[in-house]
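As structure tokens, the structure follows; a few thoughts come after it.
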Amino acid sequence: MKLQAYGQNAHEANSQAQEYINKLEDLISTTKNDSEIYKLNQSKEFPIEVSKECSVLLKYALNMSEISDGAFNPALYPITKMWGFTQDNYKIPSAGEIKEKITNCHTAEWASIKIEDNKITLLPGMQLDLGGIGKGYAGDQIIEIYKAYGIKSALIDLGGNIQLLGKKNNGSEWTIGIKNPFGQGTIGQIKASDQAIISSGGYERYFISEDGKKYIHIIDGQNGYPVDNEIEAVTVVGKSGAYCDALSTALFVMGLDKAIDLWKKQKDFDFIIVTKDKTVNITSSLSKRFTLNGDLAFQVKTIK
Ligand code: AMP
Ligand code: MG
């Protein structure tokens with residue numbers, strides 16, 4: 001995590017931001033046993049009352065499930081846990097185990113989560129995991145903290161999530177590198193200001209089984225297995241961190257064709273989707289701000 005803010009109150013704003021991140025982590029961590037999400041996930045009786053903040057974030061997450069037709073599924077904790085992604089103790093569950101768990105948190109079930117006056121009701125066997133949206137949401141709140149402190153230029157780097165407030169201190173746009181999902185370094189860079197640039201990749205967290213198959217931390221809620229499609233990495237660019245964060249995960253799950261359809265429908269984000277055949281699929285307006293590193297064997301395809 002790296003917070004870079006410029007202005008008179010930068011120091012104070014950064015400690016406030018740091019404090020906020022710790023507070024949010026204490027609310028939504030799946031592993032801290034006094035977090036609100038932990039309590040929800042352990043409970044057998046509902047509804048459970050949570051803080052306003054937790055309920056707002058969960059509502060936002062469910063809205064992203066709706067927009068993405070369930071590809072973004074914040075209720076997959078039983079599955080991520082079973083595969084060992086939550087504690088880095090990876091294993092391949094049996095088909096039976098997966099089938100048993102996925103019925104309670106299947107893509108079609110997110111709509112059954114109820115939120116009324118900060119009171120949450122989950123289906124039996126359902127457990128929440130806001131890992132696909134939490135960092136982006138945190139970034140949005142930090143931007144608000146910065147604004148309240150009068151800061152006009154800042155870069156927030158929450159590991160794969162970049163959020164920009166204004167331009168660089170010297171008035172020029174920021175240059176943000178896009179990670180090469182196949183190896184070291186970047187595939188290229190984009191020029192941006194006042195934007196969220198959020199990436200999801202199989203390279204972030206994965207394990208390789210004895211027979212050499214790679215299993216990544218992004219789960220397909222239709223079947224309970226790590227996503228295994230043509231996509232290697234997704235970057236979503238737009239105004240809101242929470243929106244782009246959830247979308248980066250969702251586009252990965254839905255695959256390139258549906259991602260293009262959603263882009264055409266929503267019209268309020270851009271993407272770079274790197275596919276396994278080393279094509280950099282990039283939406284048209286973003287392509288004007290993107291420069292590919294010349295020495296790599298990637299081809300660029302502009303999506304119109
Ligand atoms: P990201 O790196 O933003 O794509 O988020 C990945 C994290 O989101 C994972 O580590 C899980 O905690 C969670 N996750 C995995 N699959 C999904 C999914 N289909 N929808 C929502 N969150 C997911
Ligand atoms: Mg995400």
Quiz item: Which trypsin sites (Lys or Arg not before Pro) in segment 36-143 pass both tests, a DSSP loop state and at most 15 other beta-carbon atoms within 10 Å?
Solution: K44, K91
Practice problem: Using the charge dipole of the chain (Lys, Arg: +1 at Cβ; Asp, Glu: -1 at Cβ; taken about the Cα centre), state which of H217, G134, T186 has its Cα farthest towards the positive end. | Solution: T186
Quiz item: Can you give me the Cα centroid spacing of segment 114-168 and segment 1-59 in angstrom?
Solution: 9 Å
Self-check item: More than 30 Å apart - percent of Cα-Cα pairs taken over the chain
Solution: 33 percent
Quiz item: For segment 141-217, what is the relative contact order in percent, using Cα pairs closer than 8 Å and at least 6 residues apart in sequence?
Solution: 22 percent
Quiz item: Relative contact order for segment 179-250: what is it in percent, counting Cα pairs under 8 Å that are at least 6 residues apart?
Solution: 35 percent
Quiz prompt | Distant alpha-carbon pairs in segment 1-145 (separation over 23 angstrom), percent | solution = 40 percent
Self-check item: Normalised contact order of the chain, rounded percent, pairs of Cα under 8 Å and 6 or more residues apart
Solution: 18 percent
Exercise. Please report the orientation-averaged projected area of segment 197-304, defined via the convex hull of its C-alpha atoms, in nm².
Key: 7.5 nm²
Exercise. Please go through the residue pairs K213/K301; K147/K168; K179/K278; K2/K135; K2/K167 and name each one whose alpha carbons sit more than 19 Å apart in this structure.
Key: K213/K301
Self-check item: Positive-end residue, segment 1-150 charge dipole about Cα centroid, Cβ charges, pick of G70, Y90, M1
Solution: Y90
Self-check item: Total charge dipole magnitude, segment 1-110, about the Cα centre, Cβ charges on Lys, Arg, Asp, Glu only, Debye to nearest 20
Solution: 240 debye
Quiz item: Hey, what number do you get for the chain at 222 nm if only DSSP H runs of n ≥ 4 count, each worth -39500 (n - 2.57), divided across all residues, to the nearest 500?
Solution: -10500 deg cm²/dmol
Quiz item: Placing +1 at every Lys and Arg Cβ and -1 at every Asp and Glu Cβ, with all other atoms neutral, what dipole size does segment 53-161 have around its Cα centre, in debye to the nearest 20?
Solution: 120 debye
Exercise. Determine the equivalent ellipsoid of segment 220-273 by diagonalising the alpha-carbon gyration tensor, then write out the semi-axes as square roots of 5 times the eigenvalues, largest first, rounded to whole Å.
Key: 19, 12, 10
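Quick note: the coordinates plus some simple rules give every number you see, no bench work behind them. For clarity, every value in this text was computed on a predicted model and none was experimentally measured. Every residue, glycine as well, gets a Cβ built from its backbone with ideal geometry; the counts of neighbours run over all protein chains shown.
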